[in-house]
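A.B. asks: Would you mind keeping the following structure in view while I ask a few things?
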């Protein structure tokens with residue numbers, strides 16, 4: 001049973017702390033967001049509370065890499081840490097006026113107290129998954145810059161003198177060459193992670209057996225799902241990626257068709273969209289599905305979204321079954337008795 005609830009507002013330089021029990025706020029303070037001094041400060045805080053470690057619940061919002069010192073400190077001390085989605089905390093309090101770090105810490109501690117039964121303890125992934133996420137993030141950053149500079153070579157040639165463009169293109173080409181070198185270096189490091197980690201390598205091979213899924217999507221799926229531990233099934237992931245349609249109705253005056261939410265991971269959604277376009281061009285089953293739905297008058301994007309969801313379902317299926325994807329796979333629970341007899345006759 002938790003007796004103390006510590007709300008932590010996490011920023012780059014500091015952590016604003018608010019400690020409360022079931023009735024009132026006990027203490028408010030500020031700690032540096034650096035691992036060694038933070039560890040010392042948390043130890044001092046626990047001593048002042050004079051309680052057992054399992055009676056304290058730390059709660060903070062996910063703020064990317066800035067949570068690392070807090071996560072490490074709680075791990076070393078054996079403290080329970082709940083890292084929650086900032087949007088979840090924000091909307092749990094209804095209409096709010098005013099905002100600062102101290103107030104945010106107070107609201108987070110209250111949120112931890114009110115919803116302690118829904119708390120999910122946070123822990124960092126293994127080192128390989130953490131490295132994979134960092135490499136993918138850095139790769140995206142470099143790729144964006146490469147595309148930005150490469151566009152200069154084709155977009156501006158006709159709008160400056162030949163001499164100026166020649167000088168400029170020479171410098172930009174040097175940058176592009178360097179970006180390519182760095183991207184290749186990161187790709188090599190990502191490959192080495194999978195070569196050394198048998199489990200991740202197996203998951204990548206299973207995912208790449210699904211039509212439309214290449215290494216790029218496989219890497220992103222493994223990183224986003226924490227090695228397929230973060231989501232229980234493909235339906236949860238479809239909600240996360242913005243592939244699941246929802247209906248919005250109220251009484252008889254407000255009605256809308258089912259549509260996907262804008263709260264989505266746009267990066268993986270875009271990659272899955274490219275995969276869907278690929279399979280309707282070359283894969284017989286998905287192509288026939290797309291053409292059949294088009295003949296029924298369905299919207300093209302609606303059909304593509306359904307295909308994206310089918311690809312996600314296949315991805316989760318191959319990992320769950322630990323079996324490569326087979327186009328001619330038949331689920332026995334959906335085969336009629338007559339079909340079973342026909343299959344055995346042909347054996």
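The values are calculated or read from the model by the stated rules, or taken from the named source; none is laboratory data. All values reported here derive from a predicted model rather than from experimental measurement. As a convention, Cβ positions derive from the backbone with ideal geometry for all residues, glycine included, and neighbour counts pool all protein chains shown.
A.B. asks: What is the one condition in (1) under 21 Å from residue 324 (Cα atoms); (2) surrounded by 13 or more Cβ atoms within 10 Å (Cβ to Cβ) that residue 284 does not satisfy?
C.D. replies: In the conditions (1) under 21 Å from residue 324 (Cα atoms); (2) surrounded by 13 or more Cβ atoms within 10 Å (Cβ to Cβ), residue 284 misses (2) alone.
A.B. asks: Here is a further query. Within the stretch 276-300, how many residues are part of a loop (DSSP other than H, G, I, E, B) and within 29 Å of the chain's Cα centre (by Cα)?
C.D. replies: Count: 2.
A.B. asks: Something else about it: Out of all the residues in the stretch 237-251, which are over 15 Å from residue 306 (Cβ atoms) and more than 12 Å from the chain's Cα centre (by Cα)?
C.D. replies: Scanning the stretch 237-251 gives 247, 248, 249, 250, 251.
A.B. asks: Limited to the stretch 111-128, what total is found for residues that are part of a helix (DSSP H, G or I) and surrounded by 13 or more Cβ atoms within 10 Å (Cβ to Cβ)?
C.D. replies: Here the count works out to 5.
A.B. asks: Assuming residue 135 fulfils every condition listed in (1) touching a helix residue (DSSP H, G or I) at 6+ places or on another chain (Cβ under 6 Å); (2) outside any helix (DSSP H, G or I) apart from one, which condition is it?
C.D. replies: (2)
A.B. asks: Continuing with the same structure: Whether any residue in the stretch 131-143 is surrounded by 15 or more Cβ atoms within 10 Å (Cβ to Cβ), within 24 Å of residue 23 (Cβ to Cβ) and either over 22 Å from the mean Cα position of the chain (by Cα) or at pLDDT 90 or above (or both) is what I want to check.
C.D. replies: no
This table checks each residue for (1) modelled with pLDDT of 90 or more; (2) surrounded by 11 or more Cβ atoms within 10 Å (Cβ to Cβ); (3) out of contact with any helix residue (DSSP H, G or I) (no Cβ under 9 Å at 6 or more places or on another chain); (4) not assigned by TED's automatic domain parsing to the domain that holds residue 268.
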residue	(1), (2), (3), (4)
303	yes, yes, no, no
307	yes, yes, no, no
313	yes, yes, no, no
318	yes, yes, no, no
322	yes, no, no, no
326	no, no, yes, no
347	no, no, yes, yes
